Every structure is written in C-alpha cells, then in structure tokens.
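Only one structure is covered here, and it is reproduced in the block below.
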Amino acid sequence: MDAMVTGDAASDAAVNASLLRRFDAVRQHSESLAALLSAEDQAVQSMPDASPVKWHLAHTTWFFEQFVLRTARPDYRIFDPDFGFLFNSYYEAVGPRHARVARGVMTRPSAAQVRDYRAHVNKAMRAVLTEARNEPTDLAGLADLADLVVLGLNHEQQHQELMITDITHAFAQNPLLPAAIPGWRLPVQARRDPPGWVEFAGGLVEIGYHGEEFHFDNEGPRHSVWLASYALADQLVPCATMLDFIADGGYQTPTLWMADGWAQVQAQGWTAPLYWRQADDQWWGFGPGGSAPIDPQAPLVHISWYEADALARWAGARLPTEAEWEAAYGDPRLASMTGVVWQWTESAYRPYPGFRPVAGAIGEYNGKFMINQMVLRGSSAATPMGHARASYRNFFHPDKRWQFSGLRLARDC
C-alpha cells in the first residue's frame with residue numbers, strides 16, 4: 001500500500017508528532033460516532049453486508065495491533081488472543097476468522113470490553129509514535145512505520161463511513177425509525193431545470209494518483225487513457241428525477257434494465273430506492289437523521305448501480321466512465337463532485353495497467369476484490385473530511401444500495 005510518507009532522521013520527531021496528532025484525531029472520531037449509540041445499538045447486524053458498530057471499532061483496533069504493534073514492539077502484550085480470530089476481516093495470510101455473516105451474534109466481548117481494547121492499543125500506539133524513528137523496517141511489506149500507520153488511519157476512516165451506513169440500515173428496520181445522528185441531512189443543491197451540461201473535448205488524458213501524499217494502491221499506477229468527446233451534467237441527479245422515473249413506470253419497464261438488474265428488480269420487489277416508502281400520497285425517506293419527506297431538490301441517494309444505469313438510460317443519457325469523471329474533476333462548472341454522494345460509474349473495478357499488490361497480508365487490501373464490482377467516484381456526506389481525492393476508487397457490487405450512492409449523468413458529444 002502506497003502511503004508515500006517520507007522523511008530523514010532529522011525530521012523523524014516532527015513527522016511522528018504530526019502523525020500522533022492525526023492518530024488521536026481519527027481514533028477519537030470513531031469514538032464520537034459510537035458515543036451516539038447504546039451498547040445494544042452497537043451490537044446489531046441487520047444484514048450480511050453490514051457489521052455491528054462494535055465490530056468496526058474492534059476491527060480497526062486489531063489492524064494496528066496486528067500489523068504495527070506485533071512487529072514494532074517486541075514487548076507488546078496482546079490484549080486478548082481470541083480477538084485476532086473475532087476481528088480479522090478478510091486477511092487470509094493472517095489466519096482464520098469468524099464468519100462475516102455472523103458478526104451480530106457476538107454479544108461478547110461487550111462494548112465496554114471493546115472500549116478497553118481500543119484504550120490498550122491506543123496507549124501502545126502512542127508509545128510507538130513517540131519513540132519510533134521513521135526508518136526502513138519490514139512492516140507488512142511497507143517501507144516504514146509511518147506508511148503503515150497512515151494506511152491504518154485511512155482504513156479506519158473507511159470504517160467510520162461504514163459505521164454510519166451500517167447503523168442507518170439497522171435503524172431502518174426498527175419500527176421506531178430512530179435517528180442515529182439527529183439533525184443529519186444531505187446537502188440540498190441549487191437545481192437548474194433543465195440541468196446544464198459541461199462538454200469536454202476528450203483526447204489522451206492521464207488518470208491515477210500522482211503526488212507525494214497517501215493513496216491506496218488501487219489508485220495507481222498513473223496511466224494514459226483515450227477519451228472521446230463527452231459531457232457531464234453540472235449537478236447530481238436529484239430526487240425529482242427519480243420521482244418522475246417511478247411515475248413513468250421505470251421499475252416496471254424491463255427494456256430500461258440490464259438483465260441482471262431486471263432480475264434483481266423482480267426478485268427483490270424493488271419499486272423505489274432503498275429506504276423510500278409512500279404514505280398518504282407522500283414519499284418518505286430515511287437516513288442517519290431519521291425519517292423525513294423526500295425533498296425533490298435533494299440529491300438522489302441509496303440506489304444500486306442497476307438503478308443508476310436504468311435511470312440514466314430512461315433520461316437519454318448514460319453513466320460516466322471513471323476516466324471521464326477523473327479527467328473532469330476540479331472543473332468549477334461541475335457541482336458536488338465530492339462530499340455529497342458517491343457517484344456510480346459505468347466502469348468495472350479492475351486493476352490499472354501495471355498494478356501489482358504489495359507483498360504480504362497488506363496486499364490483500366484491494367487487489368483480490370478487483371472482479372464483479374463497479375466503481376464509484378467522489379465521496380459522500382458520510383466520508384470523513386480530507387479522505388477524498390480525484391483518484392479515489394470506491395467499489396461495490398452492482399446490486400448494493402445501503403451506501404450513500406447516487407449518480408451524475410453523462411452523454412456523448
């Protein structure tokens with residue numbers, strides 16, 4: 001994993017002091033999200049794709065224990081030998097693990113024990129970051145300690161977003177429809193009717209990360225891509241467009257859907273986006289802030305790739321490729337490229353030319369998932385501040401809807 005953190009011995013103290021401040025901030029943010037929830041809330045798993053908040057808190061802690069502390073501190077005392085089995089996610093090279101679909105049955109360890117676990121690991125990590133010099137080591141195949149710590153922090157930020165989306169899905173199953181984060185609302189964009197289009201000439205463009213800061217390995221290598229001329233909508237698709245799609249029978253029209261998508265519509269009984277319900281001639285949605293009437297001006301969210309693709313086709317447009325999206329990033333005419341909803345693209349999640357995962361268990365982070373999934377670009381209102389960038393590649397299977405996923409239309413010129 002390319003963390004790209006560099007420094008010589010003279011700057012080690014400054015690097016580690018800065019890293020320690022960031023470590024404390026990221027770890028505290030996870031605690032702040034959990035503090036809004038009861039112990040019972042933190043233990044629930046509402047579907048196989050989601051995980052209990054308690055599990056997220058423990059897993060992100062296990063990451064530092066497994067990949068940093070066990071190597072960097074020979075005298076480190078493992079908090080509980082069973083936690084490696086309970087809180088490993090998918091690292092086959094590390095050892096066996098508890099089944100993902102059954103994480104919700106773990107009433108033990110308790111939420112209080114998980115907090116103790118975090119405190120134990122935090123104390124040891126602070127000691128490492130205070131004492132360590134940023135010298136080459138053999139930490140999970142990465143260049144140095146700082147690389148691995150920065151990866152762990154970005155990993156925890158990913159789980160902070162999952163904590164929000166997973167508890168939102170759980171609370172949506174509760175007949176009381178409680179709010180996980182009272183007052184939460186997606187930003188409402190100023191809508192143009194009809195929306196505007198921003199044209200791009202295409203040609204040979206370069207995509208992929210370039211710079212000296214952190215990036216995940218799947219964001220590179222940087223490479224050239226040929227683009228035909230194209231246009232992107234200057235705003236995200238709003239809920240009003242989905243309301244029109246529903247009224248026009250979009251969920252009953254098989255010609256709008258890919259075959260797999262139409263099979264999902266029929267098998268799952270989809271008639272609207274996830275969390276939408278109709279009562280007394282009013283559409284209602286649900287989110288971290290609880291239940292609220294659908295705002296037609298608000299960006300559309302909680303849709304699968306299949307729904308995004310069908311809606312784009314119904315609108316006489318298409319989804320952008322991830323290369324088109326990245327090449328257009330930063331254009332001031334395009335609103336809400338980040339910080340609102342993740343935007344589905346028509347690109348399959350595959351490795352870039354020349355991609356090679358790093359050696360060791362950390363190489364399992366992204367590379368082995370590069371099949372049968374679709375790429376989303378941007379970030380959402382649930383993404384921690386500073387976590388998004390132009391080259392960021394999010395990815396999910398095309399039927400998944402519980403993430404903050406929406407779309408931006410594209411078309412050929």
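The values are calculated or read from the model by the stated rules, or taken from the named source; none is laboratory data. Keep in mind it's a predicted model, so treat the numbers as computed, not measured. Cβ coordinates were reconstructed from backbone atoms using ideal geometry, including for glycine residues, and neighbour counts include every protein chain displayed. Surface accessibility is based on the protein's heavy atoms, side chains included, excluding ligands, DNA and RNA. Shrake-Rupley method; radii C 1.70, N 1.55, O 1.52, S 1.80 Å.
Observations on the structure shown:
- Overall, the accessible surface of the chain at a probe of 1.4 angstrom is composed of carbon and sulfur to the extent of 53 percent.
- As a rough guide to protection, the peptides 157-166, 297-306 ranked by mean Cβ packing within 10 Å, highest first, stand as 297-306, 157-166.
- Computed across the stretch 280-413, the Kirkwood radius stands at 16.1 Å (inverse of mean 1/r, all Cα pairs).
- Computed label-point distance, nm, for sites residue 284 and residue 28 using a 7 Å Cα→Cβ extension: 3.8
- With all protein chains in place and ligands, DNA and RNA left out, the 1.4 Å accessible area ranks 226, 270 as 226, 270, largest first.
- Cross-link partners of residue 400 among aspartates and glutamates, defined as those whose alpha carbon lies under 12 angstrom from its own and excluding same-chain residues fewer than eight positions apart: 49, 307.
- Accessible area of the chain divided out per residue, in Å², using a probe of 1.4 angstrom: 43
- Förster radius 22 Å - calculated FRET efficiency between residue 228 and residue 369 (Cβ-Cβ, nearest 0.05): 0.15
- Estimated 222 nm signal from helices in the chain, with DSSP H stretches of n ≥ 4 weighted -39500 (n - 2.57), rounded to 500: -10000 deg cm²/dmol
- In this simple spin-label approximation, residue 212 and residue 255 carry label points 7 Å from Cα along the Cα→Cβ vector, and these lie 5.8 nm apart.
- For the stretch 153-255: rounded, prolate or oblate by the Cα gyration tensor [a/c cutoff 1.5]: oblate
- Summed side-chain charge close to residue 270 - residues other than residue 270 whose Cβ falls under 14 Å, Lys, Arg +1, Asp, Glu -1: -1
- When the inverse distances between all different Cα atoms of the chain are averaged and flipped, the Kirkwood radius reads 22.6 angstrom.
- FRET efficiency, 1/(1 + (r/R0)^6) with R0 22 Å, evaluated for residue 188 and residue 411 via beta carbons: 0.35
- For the stretch 206-356, the equivalent ellipsoid built from the Cα gyration tensor has semi-axes of 31, 18, 15 Å, listed from largest to smallest.
- Each peptide in 233-242, 28-37 gets a packing score, the mean of other Cβ atoms within 10 Å over its residues, and the list from highest to lowest is 233-242, 28-37.
- Exposure rank, largest accessible area first [67, 85; 1.4 Å]: 85, 67
- Calculated FRET efficiency, residue 78 to residue 295, Cβ-Cβ distance, R0 = 41 Å: about 0.25 to the nearest 0.05.
- Across the alpha-carbon atoms of the stretch 209-265, the computed radius of gyration and Dmax are 18.6, 49 angstrom.
- Local charge for residue 43 was computed over the other residues whose Cβ lies under 15 Å away, with Lys and Arg +1 and Asp and Glu -1, and equals +1.
- Residue-level accessible surface for residue 411, protein heavy atoms, 1.4 Å, Å²: 90
- Stretching the chain fully between residue 102 and residue 90 yields a gain of 2.9 nm (0.36 nm per residue, less the alpha carbon separation).
- Rolling a 1.4 Å probe over the protein chains gives residue 262 an accessible area of about 50 Å².
- The stretch 301-352 versus the stretch 366-382: alpha-carbon centroid distance in Å: 12
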